[in-house]
Each structure stands twice: as structure tokens, then as C-alpha cells.
């Protein structure tokens, strides 16, 4: 039977294999420590992922705002183009009247 320090140096895969065939208190302590380390690491990853998700949501919200503003600008420009088309039509008709009158 190995001691706790030796078990700590094992890879996780090796620890699992040994635990199947040679369970003992020293191995249990080493496995518990490894699980605790992995749990801490996973908690950190989850926290980082949540923070990243929140950052991405804020960016998405900004993009949604920009998209809305662009849509408003497009609507305004389309209205302006429609008004210009009407004005051009009126001017063409006025020019035709003037040309017929001369």
C-alpha cells in the first residue's frame, strides 16, 4: 500500500484505477483532496463562464440598440426619399406645364 503523498502524485486516471482494486484510507484521502481541487476549479470555471455570459449579454443589448437606431434612421431616410420623389414629380410636371405654355 502506498502512502498519501505517493497517491497525490498520481494522475486522476491512475487514482481511479487504483481505487477500484486497492481501496484504502490513504487513497480515500488523496481522492478526496483531488475531488476538492476539481470542485474548486469547476466553481471557478462556472463563475468565469457566468461573467462572460453577462458580458456577452451586455454586448448583445448594445447591438440590439444599434440595430434599432439603424432601423429608425432607415425609416427616416425612406421618408425623405419619398418626399423628394414627390417633389421631383411635382417639379417635372411644373416644367412640362411651362414648356407647353411657351
Worksheet item: Tilt of helix 25-101 relative to the longest C-alpha principal axis of the chain, in degrees (0 to 90, nearest 10)?
Response: 0 degrees
Worksheet item: So, in nm, how far is label residue 63 from label residue 43 when the simple model puts each one 7 Å beyond its Cα toward the Cβ?
Response: 3.3 nm
Item to complete: Please give the peptides 61-74, 3-16 ranked by average Cβ packing (other Cβ atoms within 10 Å per residue), highest first, as a rough proxy for protection.
Response: 3-16, 61-74
Worksheet item: For residue 52 and residue 14, what does the FRET efficiency come to when R0 = 41 Å and r is the distance between their Cβ atoms, rounded to the nearest 0.05?
Response: 0.80
Worksheet item: Mind checking the angle between helix 12-21 and the chain's longest principal axis? C-alpha axes, 0 to 90 degrees, to the nearest 10.
Response: 40 degrees
Worksheet item: Among [x] 12.7, 37; [y] 36.7, 117; [z] 13.5, 41, which is the computed Rg and Dmax of the Cα atoms in Å?
Response: [y]
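Throughout, read-outs are computed from the coordinates displayed, never taken from laboratory work. No experiment lies behind these values; they were computed from the predicted model shown. Methodologically, a virtual Cβ is constructed for each residue, glycine included, from the backbone with ideal geometry; neighbour enumeration extends over all protein chains shown.
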